[in-house]
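Below you'll find the structure, written out as structure tokens, and then a few comments.
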Amino acid sequence: MRVLDDIIRNNFDEIHIVQIVCDDDCNIVRYNKYAKESFEEKSSFPLEQLPLYKALSPKLLNAMKIKKHTYDAFFVNYKSEVTNIRRLSDVDGCRAYYAEYEPVIDGETGKVLHYFLIKDATDYVGTVYEKSIDSAKFRDLMSTVGMAHIDFMPQEMMLDIVGGRDGHNAVGVSLKDPLRNIVHPDDLQRGLSYFKRAAKSTDKPHSTMLRIYSQTLKEYREFAFKLFPVKDVDGAFLKFSGYCVDMTERLSEIKRHDIKKNASINRLRKEKKDIEDTKSRMDEMISMMGHDLRSPLNSILGFSEMMTTVDSREEREELFGFIKKGVEQMSLLVNDILESSRLDAGTMKYNVRSIDVKEVMSDVYSAHLPIFKDLKIDLHLSLPETELTIETDKMRLIEILNNYLSNAIKYTHEGSVSLSCHEEDDGCYFHVKDTGVGIAKKDCDRVFDRYEMLGSDVPGTGLGLFICKELAIALGGKVGCTSDKGHGSDFWLWLPSKS
């Protein structure tokens, strides 16, 4: 039997749990600060009238008869009547309390007094009540609280386990027996090691997590174990006292949160990498663009200065032609950059209407014939025999075909380039085939990426094919390429017949 002075000296006033000491007539002999604060603030429990403690007398008398530690749970309604939880059908209008009792001895008088530790469990019980589907679980408070009290005596390797939703009341049980019956087989060795480790180190708390089988829920649940060393007035170790708490829902919530957090982190990492890749490509593109713009600009400046030194009309016209080509080249570079910016900003405008495919193909072919006259490349046109119309933006279609043809010219030094179309898959396929250097099969999709240029010695920004892809998608179509290194390429575009 513990001495009252030992309890009082052991954080009696600091601990945030109600502690009171009564005599045989239920008169309060001692109470801690938290008891005073808790019950004086509640109008239903005026401390000076002691209704709570007087109402406890039947349980107190029963506790005095059995003369040993007693743990119980009870409800106190707003009329200060103690009602056994097992007889209560619901918790509305009541306060739920968890109580522990043990007899103590007054060190000065030698008189036996009665020590109660009382904790308000209403919020916890209410939360469980709201979440539970089966209200029958609340007929017994201990069957709803996923927490049990543990006393561990390391000298004897014995356990007392009281409470919990499965109603444990195991006192003086050998360590291995209760663990083998309730701990998950994979956690059994860790559980034994936990208690053995605590037995060797009695000067500090010990924690662990074990999977415990719940007879009530018919499943293994994740429990957190915590043991604290209990000492006598002289500082000698007596036992470990603590608890195990069901953390399954909390751990699931943490896991869900971690999954979301990891997903967010991975998404941010990907976005960061995409930004870094884009920046790297932009830096490369700016470097290339600076070189590509510098070349025609230097040509323009040089030929402009030369025009002031020549006398003949023929020479001036030739120099003017060189200047015009330089301006056109600069215009194409700047136009690619502006087109890419409009696509990113979503400000590109489209004028979708019914168009004659053969007419568009003929116009594109005719516009490029003068360009091919000065090249060692033949341009061929193949049109369908029947009339073919689709609903699309005529100018954007021409822009894509122009880009395809310009790309073919860059990578074809001699041979031929052919422009064709045919009806298929409820739409129209357009093809620009060349006999140029070709592309490795693994790079056929990559050529449509932003700033992608497979030939570093070829002028351009690496935006032309990217613009083609984005325009095609905006018009409900798609682009692609079939090629093999050294055997030419076939760049195709498919657009639906109806938008």
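What follows is calculated from the coordinates using simple rules that are stated; it is not laboratory data. Bear in mind that the values here come from a model prediction, so they are computed numbers and not experimental data. Please note: Cβ atoms are built from the backbone with ideal geometry, for glycine as well, and neighbour counts cover all protein chains shown.
Extension gain for Arg353 to Asp186 (0.36 nm times residue separation, less C-alpha to C-alpha distance): 53.1 nm. Between Glu317 and Asp283, the contour length at 0.36 nm per residue exceeds the alpha carbon distance by 8.5 nm. A crude spin-label estimate for the pair Ala263 and Phe237, with each label 7 Å from Cα along the Cβ direction, gives 4.7 nm. Extension gain for Tyr429 to Lys111 (0.36 nm times residue separation, less C-alpha to C-alpha distance): 104.2 nm. With both labels modelled 7 Å from their Cα along Cα-to-Cβ, the Ser366 to Glu305 distance reads 4.3 nm. In the stretch 343-406, Rg over Rh equals 1.04, where Rg is the alpha-carbon radius of gyration and Rh the Kirkwood radius from pairwise Cα distances. Counting only DSSP beta bridges with both residues in the stretch 316-457, the antiparallel share comes to about 70 percent.
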